[in-house]
1. Those residues that are at pLDDT below 95, in contact with a strand residue (DSSP E or B) (Cβ under 9 Å, 6 or more places away or on another chain) and either under 17 Å from residue 140 (Cα atoms) or surrounded by fewer than 16 Cβ atoms within 10 Å (Cβ to Cβ) (or both), I need them from segment 8-22; list them, please.
2. Which of (1) surrounded by 16 or more Cβ atoms within 10 Å (Cβ to Cβ); (2) under 22 Å from residue 127 (Cβ atoms); (3) under 14 Å from the mean Cα position of the chain (by Cα) is the odd one out, the single condition residue 51 does not satisfy?
3. Take the residues in segment 93-127 that are modelled with pLDDT of 95 or more and surrounded by fewer than 13 Cβ atoms within 10 Å (Cβ to Cβ); name whichever of them is farthest from residue 74 (Cα to Cα).
4. From 77, 83, 90, which residue is in contact with a helix residue (DSSP H, G or I) (Cβ under 9 Å, 6 or more places away or on another chain), surrounded by fewer than 20 Cβ atoms within 10 Å (Cβ to Cβ) and either over 16 Å from residue 125 (Cα atoms) or touching a residue at least 24 places away in the same chain (Cβ under 8 Å) (or both)?
């Protein structure tokens with residue numbers, strides 16, 4: 001069995017990619033969105049965290065999450081979120097035995113520039129995958145929260161990617 005070394009910085013901020021099993025395209029369906037929202041909320045009641053940015057795509061999600069001071073157990077949180085989502089969808093047809101890939105990919109955010117690049121990557125991801133032509137057209141993104149707060153213009157991301165700068169996982 002593989003042994004994974006994970007950064008365990010308490011109170012850290014991480015970028016995550018979480019993928020459905022077999023890249024099945026069910027995450028944006030209404031029942032799945034509702035189940036996922038409830039799973040995040042239930043998990044936060046016992047294991048607090050902040051969602052700094054998030055995008056939900058049909059077969060995966062990207063999220064920037066910050067944990068409380070002294071806490072580094074993001075694996076527990078993702079385990080609970082995945083389990084609760086799967087349980088809530090137990091009566092909905094599943095593409096296979098599992099709903100989620102077993103693991104997830106994480107990157108600890110190092111500084112403000114790293115955070116900005118990853119948040120931009122999250123918000124631009126639906127355009128990158130050809131789901132929409134404009135960032136503002138994708139409904140399942142924290143981009144709309146950033147616009148409402150005045151942190152981003154509604155037309156952010158409308159310029160060609162080479163003008164927008166570097167994004168990156």
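1. 9, 11
2. Among (1) surrounded by 16 or more Cβ atoms within 10 Å (Cβ to Cβ); (2) under 22 Å from residue 127 (Cβ atoms); (3) under 14 Å from the mean Cα position of the chain (by Cα), the lone unmet condition for residue 51 is (1).
3. 113
4. 83
Yes or no, residue by residue, for (1) touching a strand residue (DSSP E or B) at 6+ places or on another chain (Cβ under 8 Å); (2) in a loop (DSSP other than H, G, I, E, B):
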residue: 114; (1), (2): no, no
residue: 118; (1), (2): yes, no
residue: 121; (1), (2): yes, no
residue: 125; (1), (2): yes, no
residue: 132; (1), (2): no, yes
residue: 147; (1), (2): no, no
residue: 151; (1), (2): no, yes
residue: 154; (1), (2): no, yes
residue: 158; (1), (2): no, yes
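The values are calculated or read from the model by the stated rules, or taken from the named source; none is laboratory data. These numbers come from a predicted model, not from an experiment. Here the Cβ is made from the backbone with ideal geometry for all residues, glycine too, and neighbour counts use every protein chain on show.
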